[in-house]
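To start, the structure under review is shown below, and the notes come after it.
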Amino acid sequence: MNVTFTADDVAFRSEVRDYFENDFPQDILEKQRKEIPLEPEDLIRWHKNIFEKGWAAPNWPVEHGGAGWNSVQKYIFADEQARVNAPPYLPFGVSMVGPIIYTFGNEEQKRRFLPDILEFNTWWCQGYSEPGAGSDLASLKMRADLDGDHFIVNGTKTWTTLGQFADWIFCLVRTNSDVARRQEGISFLLVDMKQPGVSVKPIILLDGEHEVNEVHFENVRVPVENLVGEEGKGWTYGKVLLQHERTGIAGVAQSRYRLQRLRRRARGSIKGAVPLAEDRNFIRKVAAAEVELKALEYTELRTLASVASGKAPGPESSILKIAGTELRQAIDVLDVEAAAYYALPYVRDQYVLDFPKQQSIGSETDTNSSLVYFNDRKVSIFGGSNEIQKNIIAKHVLGL
Amino acid sequence: MDFSLNEVQMMLADSIEKFVSNDYDFESRQEYSGSETGYSEAVWQTFADLGWTSVPFSEDDGGFGGGPIDMMVVMERLGRGLIVEPYLANVVLAGGVLSRTANSAQKDRWLSAVIAGKLQATLAFVEPQARYDITNVTTSATSNGDSWTLNGSKGFVLNGGNADLLIVPARTSGDQVDSNGISLFGVDADAAGLSIRDYHTIDGQRAAEISLQDVQVVADQLIGGIGDGFAALDGALDDATLAVSAEAVGIMTALTEKTIEYAKSRVQFGVPISSFQALQHRMVEMYTACEQSRSLLMWAAMTVAEGSDESKRAVHSAKYQIGIAGKRVGEEAVQIHGGMGVTWELDVAHYFKRLTAITLMFGNADWHLDRLAD
């Protein structure tokens with residue numbers, strides 16, 4: 001048992017650091033530091049940049065274009081990525097639909113979809129939740145009825161993140177209503193969003209931002225070759241996907257750098273005031289969050305090590321989702337407390353690159369802290385709410 | 001990065017697990033705990049014969065040459081077994097000081113005997129006024145040339161009533177809370193002027209209040225240099241903090257498993273109570289608390305093993321976590337066991353009490369968090 005990095009690991013770290021310091025688009029890092037929202041063009045640009053580096057898909061097998069990293073390399077990469085505040089990968093293509101296609105799809109589907117996911121030529125979004133199917137996902141109603149060599153798709157998907165920019169959506173749809181278990185009639189279908197009958201309506205979240213959407217499908221014709229795997233097996237595939245989603249969800253490296261930033265800022269003093277770090281109550285909460293972080297980090301490393309030894313990420317990866325999101329929300333609160341009054345001004349217009357510093361309200365990103373806090377309430381709700389994660393652990397790990 | 005145990009560690013784990021499951025059931029534990037000494041001398045001799053008392057000591061000192069990870073393996077399993085034998089006092093505390101700072105004659109005389117199971121020892125690191133501050137030492141030692149005179153009192157001396165040898169930190173210079181000026185003395189239990197008031201502790205173990213009145217100690221019973229005992233004391237206490245953290249992880253795991261098992265078998269309203277979501281989520285939280293504690297424990301053990309700059313921080317983090325998680329897991333185990341959980345008859349209550357004792361020893365959660373906040 002040891003935590004030492006090999007010489008190869010150290011060399012890998014310096015290669016990753018060099019990439020982020022030199023080859024990664026530096027204007028995007030500047031926006032990230034200043035918490036300026038990234039434009040769709042920014043997102044496309046950096047994904048294409050990392051594709052050129054050969055690192056578009058850390059988790060994919062090499063034969064499909066993955067980076068071929070071991071678990072320590074993935075850890076180092078995430079650490080360096082967070083160190084410079086680089087944005088996380090958009091998960092919908094590379095982390096979500098990609099693994100489903102290379103695991104369950106046919107050769108034609110792999111050839112047709114995987115290269116464009118890697119190169120970010122296609123923007124994917126996720127079609128799981130419906131207005132009537134949230135935590136109870138198996139109650140989904142969107143129908144795909146076979147009509148010759150096409151499915152006719154009708155229904156509504158919701159909470160579709162960044163769906164307003166997406167080219168394609170992967171959906172869980174009901175292809176058979178005449179089944180003993182609801183889960184059995186569900187299939188996994190890829191739908192081109194740029195066609196008649198698909199409409200996207202914005203949902204504005206509590207922070208005032210347009211991040212998610214409702215997507216409506218009205219008699220949309222989808223060729224049968226867009227069905228992934230077997231008809232009626234979509235539920236099983238989707239569950240595999242959710243487990244992949246959960247292993248990356250801990251957000252250890254981001255939380256580490258946010259806590260470091262918080263400590264650094266708390267030690268500083270504004271106009272000679274007593275530094276926040278001298279507030280015992282506050283700094284003890286920071287210390288407690290740091291312990292939570294360390295626990296999470298080692299639980300994730302243990303999970304990665306078990307995956308590396310050939311085991312699939314099991315249901316215990318649900319712990320990572322719960323603990324990771326709770327920690328993220330706890331740090332959000334600390335950031336808000338650190339900002340105090342300056343968490344209150346709602347001044348979105350100053351979050352642009354050329355905003356004059358002397359006109360900026362609050363120090364650094366104080367005024368964004370409350371919006372992050374509000375927005376992040378979602379993290380304990382999405383990807384299977386934390387209560388659903390507890391149900392999963394109860395059933396599949398503890399055997400209750 | 002590697003989280004697996006090596007072959008030797010797996011054999012060590014296996015031998016302790018076998019001993020616990022074959023030879024140390026709860027009834028035996030209760031019998032040993034209630035005996036005159038509060039432990040079984042025969043069991044202790046078995047520990048020595050099987051080499052468990054030698055684990056943390058170097059081969060030069062007649063030990064097994066193990067480190068923090070080996071000790072984690074041992075303590076976790078002693079925790080699961082709810083062992084009352086004085087391993088912590090002898091091996092971790094007294095042994096920890098002796099191996100760090102005793103001269104070779106002292107090691108031959110004392111450490112070898114501890115390893116062989118022939119000498120009961122302890123470290124009197126608490127004073128009644130000191131709470132968790134080990135630098136707070138008022139017990140004094142004054143030099144008479146070739147001997148020392150000790151005066152003062154020590155509290156909560158684990159295994160104090162059984163000990164043949166008490167290692168006593170005493171002040172030879174400096175202020176009351178100065179880390180410099182603390183010297184360590186090996187005091188024989190039958191020394192004139194030493195009085196020992198032995199008592200039971202809430203977790204079925206034994207401790208004692210000790211007072212020293214003009215106790216004479218010859219020069220070769222000074223362990224280490226004059227006034228520089230703190231480093232060895234502090235090192236041994238860090239070892240002990242990590243050791244009880246591992247013991248707590250073993251206990252929490254046992255409590256979580258026992259609670260799940262009980263909930264599946266206990267029927268109310270015509271169904272097992274494990275089918276109730278209110279209880280399921282609480283058991284998930286117990287499980288999560290165990291696993292998060294285990295992760296921190298592994299980090300701390302590996303960090304200390306590597307002698308990294310982070311090791312002090314890692315030990316504080318692990319013990320803070322144990323303080324929080326141990327309380328939660330212990331209380332939930334009792335709650336979910338319902339009426340049975342509050343009976344003396346069931347082992348659950350005794351695991352809970354040992355866990356409670358651990359949360360209060362070597363710094364509680366607040367104390368460790370304060371060190372981390374600095």
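So is B:G66 closer than 27 Å to B:A231 by Cβ, in contact with a Pro (Cβ under 8 Å, 6 or more places away or on another chain) and within 14 Å of another protein chain (Cβ to nearest Cβ) or not? The answer is yes for B:G66. When B:E291 is tested against (1) in contact (Cβ under 8 Å) with a residue 40 or more places away in the chain; (2) part of a helix (DSSP H, G or I); (3) closer than 30 Å to B:E85 by Cβ, just one condition goes unmet, and that condition is (1).
Taken over the stretch A:263-315, the criterion of being more than 10 Å from chain B (Cβ to nearest Cβ), without any contact (Cβ under 8 Å) to a residue 12 or more places away in the chain and basic (K, R) is satisfied by A:R264, A:R267, A:K271, A:K311. B:Q9 meets the conditions (1) in contact (Cβ under 8 Å) with a residue 12 or more places away in the chain; (2) within 14 Å of chain A (Cβ to nearest Cβ); (3) exposed (fewer than 14 other Cβ atoms within 10 Å of the Cβ) in every case but one. The failed one is (3). Counting residues in the stretch B:245-260 that are at pLDDT 95 or above, out of contact with any Phe, Trp or Tyr (no Cβ under 8 Å at 6 or more places or on another chain), more than 10 Å from chain A (Cβ to nearest Cβ) and not in a helix (DSSP H, G or I) gives zero.
The helices (runs of 4 or more DSSP H) found entirely in the stretch B:304-374 that carry 2 or more residues being away from chain A (no Cβ under 13 Å) are B:311-336, B:347-360. Looking at B:T46, is it more than 16 Å from B:W110 (Cα to Cα), part of a helix (DSSP H, G or I) and of a type in the set (S, T, N, Q)? Spelling it out, B:T46 is indeed more than 16 Å from B:W110 (Cα to Cα), part of a helix (DSSP H, G or I) and of a type in the set (S, T, N, Q). Taking the condition more than 14 Å from chain B (Cβ to nearest Cβ), without any contact (Cβ under 8 Å) to a residue 40 or more places away in the chain and among the aromatic types (F, W, Y), does A:W55 pass? Taking the combined requirement at face value, the residue satisfies it.
Residues in the stretch A:15-62 that are over 20 Å from the mean Cα position of the chain (by Cα), among the aliphatic types (A, V, I, L, M) and within 21 Å of A:Y257 (Cβ to Cβ): A:V16 only.
Among the residues of the stretch A:380-392, are any small (G, A, S), within 14 Å of another protein chain (Cβ to nearest Cβ), in a helix (DSSP H, G or I) and touching a residue at least 40 places away in the same chain (Cβ under 8 Å)? Scanning the stretch A:380-392, I find at least one residue that is small (G, A, S), within 14 Å of another protein chain (Cβ to nearest Cβ), in a helix (DSSP H, G or I) and touching a residue at least 40 places away in the same chain (Cβ under 8 Å), so the answer is yes.
Restricting attention to the stretch A:135-185, the residues being of a type in the set (D, E, K, R) and in a helix (DSSP H, G or I) number 2. Look at A:Q350 and say whether it is at negative phi, surrounded by 15 or more Cβ atoms within 10 Å (Cβ to Cβ) and outside the structural domain of A:Y75 (by TED's automatic domain parsing). Judged against the criteria, A:Q350 is a match.
If you go through the stretch B:105-121 and keep only what is aliphatic (A, V, I, L, M) and surrounded by 23 or more Cβ atoms within 10 Å (Cβ to Cβ), you end up with B:L111, B:V114, B:I115, B:A121.
Matching residues to (1) part of a helix (DSSP H, G or I); (2) of a type in the set (A, V, I, L, M, F, W, C):
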residue: A:F5; (1), (2): no, yes
residue: A:A11; (1), (2): yes, yes
residue: A:R17; (1), (2): yes, no
residue: A:E41; (1), (2): yes, no
residue: A:N59; (1), (2): no, no
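What about A:L327, is it within 14 Å of chain B (Cβ to nearest Cβ), among the hydrophobic types (A, V, I, L, M, F, W, C), buried (at least 18 other Cβ atoms within 10 Å of the Cβ) and under 19 Å from the mean Cα position of the chain (by Cα)? Here the answer is yes, as A:L327 does meet what is asked. Of the residues making up the stretch B:122-159, those that are surrounded by 17 or more Cβ atoms within 10 Å (Cβ to Cβ), charged (D, E, K, R) and within 16 Å of B:G363 (Cβ to Cβ) number 1.
The values are calculated or read from the model by the stated rules, or taken from the named source; none is laboratory data. Predicted model, so just to flag it, every value in this text is computed and none were measured. With ideal geometry, Cβ positions are generated from the backbone for all residues, glycine too; neighbour counts draw on all protein chains shown.
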